[in-house]
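First comes the structure, then the notes that go with it.
The values are calculated or read from the model by the stated rules, or taken from the named source; none is laboratory data. Predicted, not measured: the structure shown is a model, and the values here were computed from it. Methodologically, a virtual Cβ is constructed for each residue, glycine included, from the backbone with ideal geometry; neighbour enumeration extends over all protein chains shown.
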Amino acid sequence: MEIKIERLDDLGRGIGYVDGIITFVPSTIPGDIVDAKITKQHKKYKEAEVVRYLKFSEQRIPAPCPFFADCGGCTLQPLPYEDTIKYKVTKVKNLFLKKGVSINPQVITNPKPYNYRNKISLKIIDGQIGFYQVMSNNLVNITECLISDKALNKCLKLLSSFNIKNGNIVIRCNQKGEILIIITSKDQLNIASDFLKKHLNLRGIIINNKLVYGADYFMEEINGIQYKVSYDAFFQVNPYVASQLFAIIKNNINPGDKVVDLYSGVGTLSLNAALVAERVFGIEIVENAVEDAQYNALINDISNVTFLLGDASKLPNLNINFNKLIVDPPRSGLSKELVETILDVKPQNIIYVSCDPATLVRDYKLLEEAYAIKKSYVLDMFSYTYHVETILILERYVK
Ligand SMILES: C[S@@+](CC[C@H](N)C(=O)[O-])C[C@H]1O[C@@H](n2cnc3c(N)ncnc32)[C@H](O)[C@@H]1O
């Protein structure tokens with residue numbers, strides 16, 4: 001059946017109508033006219049897949065990735081870059097508008113929209129290396145990922161030398177192109193580190209959480225601050241946009257501020273805040289990340305910051321008065337318990353950094369009884385995917 005695609009949904013799928021019923025069609029963009037078949041009928045909507053394109057949208061450009069058709073990770077590749085930004089800003093604004101909140105975010109684009117990612121996570125099944133196809137369990141065998149750093153792509157091509165039959169592999173790199181290979185597998189592995197060393201700027205190999213070659217961390221530098229990042233510690237996947245995120249944090253801190261940074265990772269936001277604030281406390285649940293953060297404070301000569309191991313979702317009683325709270329949680333956002341604690345503790349400002357605008361809006365609606373949005377930012381941290389980073393700067397308006 002013929003479907004004309006009218007707009008994109010929040011997951012980057014095309015939306016059209018069949019007999020007046022909303023129908024989601026992956027791999028399409030607004031203006032495409034497709035011959036599609038219905039794959040799932042739901043009570044209020046349908047899902048369909050393209051059989052063939054009858055007319056391409058005038059907006060459409062050729063997706064540069066050779067695996068685009070199968071992988072589905074970068075749904076926005078058939079759009080010009082400026083249009084991907086318009087889509088993301090509209091998506092964030094609409095998510096807020098649907099809940100009765102109007103925002104006008106400052107937009108931060110990605111200076112390097114391809115080859116920006118410093119981490120890829122791959123699955124290996126029966127010797128085939130790849131990504132899971134979006135929204136499925138089908139493995140797409142890939143030899144290149146256009147949004148990932150060139151150093152990671154070089155490594156990807158050499159992975160077959162490990163002879164892994166089944167498992168997971170994560171490859172990370174810093175801006176110097178130094179590579180960490182992190183493998184989880186029950187297989188007997190062939191670790192040809194000499195061979196890899198010849199071809200890569202190999203920093204370390206970790207198998208089943210055990211260091212088997214080199215170092216289990218790398219160093220990264222952003223905005224003049226050095227970071228040690230352990231193999232299992234979080235680091236922002238896009239260093240070019242992370243640089244702008246860190247600058248936004250620093251610009252929203254005032255001298256005299258006492259800051260608590262929840263979900264602090266290796267200390268990135270805390271250390272940037274500490275350059276201006278009087279005192280900063282960071283709380284993070286991954287032990288190696290907390291140790292990295294403490295080390296990072298030391299090597300950068302930043303002494304007004306303390307990092308603690310703990311569960312941020314329960315905000316441990318720190319016995320300190322703080323006026324500013326930074327939160328940068330995983331996609332799931334803040335727990336109800338944490339929101340209630342924040343409302344009780346009453347910090348004057350909250351800087352909420354979010355990688356999922358849907359949970360951000362949900363949490364803001366709970367905070368809205370005491371906090372107003374002073375500023376908002378949309379950052380293109382995950383170019384060509386439907387994901388987006390959003391920051392809200394909140395101010396308490398209730399005494
Ligand atoms: C989105 S990352 C942000 C890290 C850091 N702000 C940065 O910019 O690099 C979220 C962090 O929260 C940590 N985390 C997840 N659940 C947590 C919890 N319950 N308590 C404390 N930290 C947690 C993760 O390990 C990760 O480091």
Looking only at the range 44-60, which residues are outside any strand (DSSP E or B) and under 27 Å from the mean Cα position of the chain (by Cα)? Q59, R60
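Identify, from the list I299, I326, the residue that is farther than 26 Å from S121 by Cα, buried (at least 21 other Cβ atoms within 10 Å of the Cβ), in the same structural domain as V361 (by TED's automatic domain parsing) and touching a strand residue (DSSP E or B) at 6+ places or on another chain (Cβ under 9 Å).
Numbers: I299 fails: buried (at least 21 other Cβ atoms within 10 Å of the Cβ).
Criteria check complete, one pass: I326.
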Any chance G224 is farther than 21 Å from S148 by Cα and not assigned by TED's automatic domain parsing to the domain that holds I283: yes
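Kindly indicate whether I320 is over 28 Å from N110 (Cβ atoms), assigned by TED's automatic domain parsing to the domain that holds K375, within 10 Å of the ligand (Cβ to nearest atom) and β-branched (V, I, T).
Details: over 28 Å from N110 (Cβ atoms): yes; assigned by TED's automatic domain parsing to the domain that holds K375: yes; within 10 Å of the ligand (Cβ to nearest atom): no; β-branched (V, I, T): yes.
In short, no.
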How many of the residues making up the range 233-247 are more than 9 Å from the ligand (Cβ to nearest atom) and within 24 Å of N168 (Cβ to Cβ)? 3
Going by the conditions given, is D301 free of Cβ contacts under 8 Å to residues at least 60 places away in the same chain and near the ligand (Cβ under 10 Å from one of its atoms)? no
Taking K365, is it over 17 Å from the mean Cα position of the chain (by Cα), surrounded by 14 or more Cβ atoms within 10 Å (Cβ to Cβ) and of a type in the set (K, R)? yes
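Kindly indicate which of E284, E291, E278 is assigned by TED's automatic domain parsing to the domain that holds L392, touching a strand residue (DSSP E or B) at 6+ places or on another chain (Cβ under 9 Å), more than 10 Å from the ligand (Cβ to nearest atom) and without any contact (Cβ under 8 Å) to a residue 40 or more places away in the chain.
Numbers: E284 fails: more than 10 Å from the ligand (Cβ to nearest atom); E291 fails: without any contact (Cβ under 8 Å) to a residue 40 or more places away in the chain.
Among E284, E291, E278, only E278 is assigned by TED's automatic domain parsing to the domain that holds L392, touching a strand residue (DSSP E or B) at 6+ places or on another chain (Cβ under 9 Å), more than 10 Å from the ligand (Cβ to nearest atom) and without any contact (Cβ under 8 Å) to a residue 40 or more places away in the chain.
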Checking I125 against (1) under 25 Å from I191 (Cα atoms); (2) in contact with a helix residue (DSSP H, G or I) (Cβ under 7 Å, 6 or more places away or on another chain), which test does it fail? (2)
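Residue by residue through the range 61-95, note down the ones that are in contact (Cβ under 8 Å) with a residue 12 or more places away in the chain, of a type in the set (D, E, K, R) and within 30 Å of S376 (Cα to Cα).
First pass over the range 61-95, keeping only residues in contact (Cβ under 8 Å) with a residue 12 or more places away in the chain: 61-67, 69-81, 83-85, 87-89, 91-93, 95.
Remaining after also requiring of a type in the set (D, E, K, R): 70, 83, 88, 91, 93.
D83, K88, K91, K93 - these are the residues of the range 61-95 that are in contact (Cβ under 8 Å) with a residue 12 or more places away in the chain, of a type in the set (D, E, K, R) and within 30 Å of S376 (Cα to Cα).
Every residue, every condition in (1) modelled with pLDDT of 95 or more; (2) surrounded by 18 or more Cβ atoms within 10 Å (Cβ to Cβ), yes or no:
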{"position": "A48", "(1), (2)": "yes, yes"}
{"position": "F56", "(1), (2)": "yes, no"}
{"position": "P66", "(1), (2)": "no, no"}
{"position": "Q77", "(1), (2)": "yes, yes"}
{"position": "S102", "(1), (2)": "yes, no"}
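Would you list the helices (runs of 4 or more DSSP H) that sit entirely within the range 61-163 and hold 1 or more residues that are at negative phi and in contact with a Cys (Cβ under 9 Å, 6 or more places away or on another chain)? So that I can check it myself, show each step before the final result.
On the way: elements: 68-71, 81-97, 150-156.
Helices (runs of 4 or more DSSP H) meeting the threshold: 68-71, 150-156.
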Per the list (1) touching an Asp or Glu at 6+ places or on another chain (Cβ under 9 Å); (2) within 17 Å of I299 (Cβ to Cβ), residue check on I222 breaks on (1)
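Using the structure shown, decide if Q41 is in contact with an Asp or Glu (Cβ under 9 Å, 6 or more places away or on another chain) and polar (S, T, N, Q).
Numbers: in contact with an Asp or Glu (Cβ under 9 Å, 6 or more places away or on another chain): yes; polar (S, T, N, Q): yes.
Yes.
For residues that are more than 16 Å from the ligand (Cβ to nearest atom), among the acidic types (D, E) and at pLDDT below 95, tally how many sit in the range 329-376. Can you show your working first?
First, pick out the residues of the range 329-376 that are more than 16 Å from the ligand (Cβ to nearest atom): 343-349, 361-362, 364-376.
Right, trim to among the acidic types (D, E) and you get 344, 368-369.
Those left that are additionally at pLDDT below 95: 344.
Qualifying residue count for the region: 1.
Given the residues C155, C145, which is the only one that is assigned by TED's automatic domain parsing to the domain that holds I182 and under 20 Å from the mean Cα position of the chain (by Cα)? Spell out the reasoning first.
Numbers: C155 fails: under 20 Å from the mean Cα position of the chain (by Cα).
Checking each option against the conditions leaves just C145.
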